[in-house]
Amino acid sequence: MSQTPYIGQPVRRVEDARFLTGGACYTDDIKLADQTHSVVVRSPHAHARIIKLDVEAARQMPGVLLVLTHEDLRDATLPIPSVVGFDPASVAGRNGRIPPAPPHWPLTGDKARLVGDGIAFVVAETLADAQAGAEAVVVEYESLTAIIDFDTALEQTDTLVWEQHGSNVSFEWEAGDATAVESIFEEAAHVARVDLLNPRQIVAFMEPRAMVASYAATTEAFTIRGGCQSAHSLRDVLAYTLQIDARQIRVIVPDTGGGFGARNVLYPEFILTALAARLLGRPVKWTAERTESFLTDTQARDQRLVAELALDDAGQFLAVRARLLWRHGAYLPPRSLWVHISFMPPMLCGVYRIPKSYCELIGLFSNTAPVHAFRGVGRAEMAYLLERLVDEAARISGYDRIALRRQNLIAPEDMPYRTAAGALYGYCEFEKNLDQALELVAWKRFSERRESSSRAGKLRGIGVSVYVESTGGAPTEFSEVRISADGFAEARMGTQSFGMGHETVFAQVLADQLGIDMSEVRVIDGDTDMVRQGAGSHGSRSIRIGGGALVKGSEAMLQNAMPLAANFLEVATPDIAYRDGAFIIPGTDRSVGLFELATFVQAETGESLRGDAVFETTNNAYANGCHISEVEIDPETGVVTLVNHVLVTDVGRVINPLITDGQLHGGITQGIGQAITERVSYDSADGQLHSASFMDYCLPRADDLPNFSTAYNEVHCDDNPLGAKGAGEGPTTGCPPAVMNAIMHALETCNVTALDMPATPQRVWSAVHAQRTSKTTQTIHDG
């Protein structure tokens, strides 16, 4: 029995033993009897009409068992839906117009709309046979102009990604009072303005996408094995496309190497492998090559952000407005539009008291991979826009950037606080986060460090980002707690682990709830036959909402067990209490252990001790914090070196500080990648992906990173039993603006006032060199 509470302790991850010793089983490790292999034939063109498709030679190739084309799918499946799981009216744009839902077929039949669009699906006895069969497919294309750039997509043009839509502008959406905001700006003493590009990113999880589908003709049931972020959501959307009952599909999620939002999508290959398995009566496996991942995984960000902030003479924020162009690619994946509208505009005011706001979001079709969720989706974009804007406001008005922030922060005594953009914050301590971070980074001694760098010929800068982010997601979650006769308490969770340590943290929660040892807990997720329902993991919701469900599920199990324990001990139920793993009769030495009772009940009834619960929240929680980044720049090479990065964060109650520290470090690293190294690059002429491998797409490495300093300001959230707010996305959300503000601060001595992410050496050097050239030219002219 447990004597010391587990919650709050830095317990090492129990799942790491199998990962480190080769005992993990990822999707590509699965080898079923009579298993076949598959390859997708993909378009080499970003935009091209399919004139001819000939697969007969491929069907005759040795080992080839099946070749599917769009024509084979028309009666067998529906397109992947853009609008699923929510009311389309909730994302209606101007004048109540419902955004379009372009048909995303698993294989395209009319034209390719991005490099990598699926044209045919080849299944064979071996992977080599499938690859040879794919080489034998003949496709004749008529090349079309590729719509790539923001400006090209905005133009009225005869070249359209979707002719039936009539425009490459997919939707226009707005929130706020444009007239009232305009009036405030006309009277403002100061108006700060930024025009920023938030570059497109590759999600780049470690394990490429893979899936194995099998079909039992006798029961007309599928078993789908593959990494995803919600087994139940994948099952439900797949059932929709296959036009069958969801009960005919079992989804099993093996060990999964990362997700970050991009695995929360039904991809075409899930449908293709399922259909092929039904047609062949044999299991079908598909595993992506890394280049396929670069081409066809959903990507992230990709927005042009233009925003203005109005201030009065005293530096008080009066209003903010933003125009956001979102280049979402050729398709709109399920829920992508809803995710961006739900998470982005409400965060426009951030941590500040801003009386009025207006936000305009314009979607653009382009001949690029589709954009979906990525760590901090919507929140990261708005934090970047707002914190860059506040620094610009300080620059043009002459106010100190810390003092300007401090005087406009929403105070704890104002909580709960509803912003002009619509977010409703519970209790938060924004100024305390800022003060702790300033102390941790030794802000007051920065001038000494800057002078030291200057003597070495380097530029030094320090930047701050005070952020808040919604940690929402599906507001309900399910858990079931079963006590088995073999001595384990099972936590059957509707959340989904893909590398975050759920087997450890949920074991900590249940062990504390039941007063047992963690070694006596098993955590089960990712199997739609073993877990009745679930919404999966996304939006930093798992410990807050999933943990709440687990607490309630354990309470339900104990409530159900009380009369059984009373019967075993031959007393009335009110005479029973539960403590430290046993049902007791207070004041006596009579008791029955939890597992002893479970063994008795199993023997007598054949049933397990069990209880389940659905936990529901009524509002988003808002994790928050402060990033401060310090950089040093070599003006002769443009190389940016991060010398320090501090994060003080309020994630609510910290369940396991060791695992949460890992979340913070990983999230900061992804934010640094966005700020200084990562950018998806498409050729503006033909839509070819220039950054199609890790040779050309630069993820940050260990030597790109400083030692992180992290600290917690734990403010418990009152909407869930654990007091958690969520930890997964805040470190990424607030990091890029801190890094970029530090870079801009370093470059202020060179009169550089504009720079977009990523701040690569070439970009930084060019900005510095341009100012030096301009200054030299001006000096000559003056002479």
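The values are calculated or read from the model by the stated rules, or taken from the named source; none is laboratory data. Bear in mind the structure is a predicted one, so any value in this text is a computation, not a measurement. Positions of Cβ are backbone-derived with ideal geometry, glycine not excepted, and every protein chain shown enters the neighbour counts.
Here are a few things to note about the model shown:
- Looking across segment 22-53, the residues that are farther than 29 Å from ILE148 by Cα and either part of a strand (DSSP E or B) or among the basic types (Lys, Arg) (or both) come down to TYR26, LYS31, THR36, HIS37, SER38.
- Residue match in segment 19-32 (condition: over 31 Å from the mean Cα position of the chain (by Cα), among the charged types (D, E, K, R) and at pLDDT 95 or above): no
- Filter pass, ASP650 being surrounded by fewer than 24 Cβ atoms within 10 Å (Cβ to Cβ) and closer than 27 Å to ILE743 by Cα: no
- Residues that are of a type in the set (D, E, K, R) and surrounded by fewer than 19 Cβ atoms within 10 Å (Cβ to Cβ), drawn from segment 402-422: ARG406, GLU413, ASP414, ARG418
- Annotation: ALA556 fulfils all but one of (1) surrounded by 16 or more Cβ atoms within 10 Å (Cβ to Cβ); (2) free of Cβ contacts under 8 Å to residues at least 24 places away in the same chain; the unmet one is (2).
- Inspection of segment 170-181 finds no residue satisfying the criterion of being in a loop (DSSP other than H, G, I, E, B) and either touching a helix residue (DSSP H, G or I) at 6+ places or on another chain (Cβ under 7 Å) or crowded, with 17+ Cβ neighbours inside 10 Å (or both).
- Residue in segment 446-455 that is of a type in the set (A, V, I, L, M, F, W, C) and surrounded by 21 or more Cβ atoms within 10 Å (Cβ to Cβ) present: no
- Some residue of segment 598-609 being among the acidic types (Asp, Glu) and surrounded by fewer than 20 Cβ atoms within 10 Å (Cβ to Cβ): yes
- Test: residue in segment 604-618 that is in contact (Cβ under 8 Å) with a residue 40 or more places away in the chain, among the hydroxyl-bearing types (Ser, Thr, Tyr), within 27 Å of ARG653 (Cα to Cα) and part of a strand (DSSP E or B): no
- Residues in segment 319-342 that are surrounded by 21 or more Cβ atoms within 10 Å (Cβ to Cβ) and either basic (Lys, Arg) or within 23 Å of ALA188 (Cα to Cα) (or both): ALA319, VAL320, ARG321, ALA322, LEU324, ARG327, ARG335.
- Among residues of segment 509-530, those that are β-branched (Val, Ile, Thr) and surrounded by fewer than 22 Cβ atoms within 10 Å (Cβ to Cβ), counted: 1
- Total residues in segment 20-48 satisfying the condition of being touching an Asp or Glu at 6+ places or on another chain (Cβ under 6 Å) and within 27 Å of VAL64 (Cα to Cα): the figure is 2.
- The set of residues from segment 686-716 being among the charged types (D, E, K, R) and in contact with a Ser or Thr (Cβ under 6 Å, 6 or more places away or on another chain) is empty.
- Residue check, SER709 assigned to a loop (DSSP other than H, G, I, E, B), of a type in the set (S, T, N, Q), in the same structural domain as ASN433 (by TED's automatic domain parsing) and on the phi < 0 side of the Ramachandran plot: no
- In segment 81-97, the count of residues that are in a strand (DSSP E or B) and of a type outside the set (Phe, Trp, Tyr) is zero.
- The selection criterion, being assigned by TED's automatic domain parsing to the domain that holds VAL715, of a type outside the set (Gly, Ala, Ser) and farther than 30 Å from ALA373 by Cα, does not hold for LEU434.
- The single condition among (1) of a type in the set (Gly, Ala, Ser); (2) closer than 30 Å to LEU154 by Cβ; (3) without any contact (Cβ under 8 Å) to a residue 12 or more places away in the chain that ALA239 does not meet is (2).
- Qualifying residue in segment 278-294 (condition: part of a loop (DSSP other than H, G, I, E, B), hydroxyl-bearing (Ser, Thr, Tyr) and touching a residue at least 60 places away in the same chain (Cβ under 8 Å)): no
- Selected residue (only one of GLY730, GLY671 is at pLDDT below 95, closer than 21 Å to ASP391 by Cβ and buried (at least 24 other Cβ atoms within 10 Å of the Cβ)): GLY730
- Filter result for the condition that a residue is under 30 Å from GLU289 (Cβ atoms) and assigned to a helix (DSSP H, G or I), over THR732, THR749: THR732
- Test result for ASP661, modelled with pLDDT under 95 and either surrounded by fewer than 19 Cβ atoms within 10 Å (Cβ to Cβ) or closer than 30 Å to HIS47 by Cα (or both): no
- The single condition from (1) under 26 Å from GLY8 (Cβ atoms); (2) within 22 Å of the chain's Cα centre (by Cα); (3) assigned to a loop (DSSP other than H, G, I, E, B) that ARG544 fails is (3).
- Only one entry of THR476, THR471, THR495 meets the criterion of being out of contact with any His (no Cβ under 7 Å at 6 or more places or on another chain) and under 30 Å from VAL648 (Cβ atoms), and that entry is THR471.
- When residues of segment 448-482 are limited to those that are of a type in the set (S, T, N, Q) and closer than 30 Å to MET382 by Cα, the one modelled with the highest pLDDT: SER465
- Condition check for GLY499: part of a loop (DSSP other than H, G, I, E, B), modelled with pLDDT under 95, among the small types (Gly, Ala, Ser) and in contact with a Leu (Cβ under 9 Å, 6 or more places away or on another chain): no
- Of all residues in segment 107-150, those satisfying the criterion of being assigned to a helix (DSSP H, G or I) and either small (Gly, Ala, Ser) or touching a helix residue (DSSP H, G or I) at 6+ places or on another chain (Cβ under 6 Å) (or both) are ALA128, ALA130, ALA132, GLY133, ALA134.
- Residue within segment 4-12 that is at pLDDT below 95 and among the hydroxyl-bearing types (Ser, Thr, Tyr) present: yes
- Residue within segment 352-359 that is over 29 Å from THR145 (Cα atoms), of a type in the set (A, V, I, L, M) and in contact with a helix residue (DSSP H, G or I) (Cβ under 6 Å, 6 or more places away or on another chain) present: no
- Scan of segment 448-486 for residues that are farther than 30 Å from VAL521 by Cβ, among the charged types (D, E, K, R) and not in a strand (DSSP E or B), ordered by number: GLU448, ARG449, ARG450, GLU451, ARG455, LYS458
- Residue within segment 486-500 that is of a type in the set (Val, Ile, Thr), within 30 Å of VAL468 (Cα to Cα) and within 24 Å of the chain's Cα centre (by Cα) present: yes
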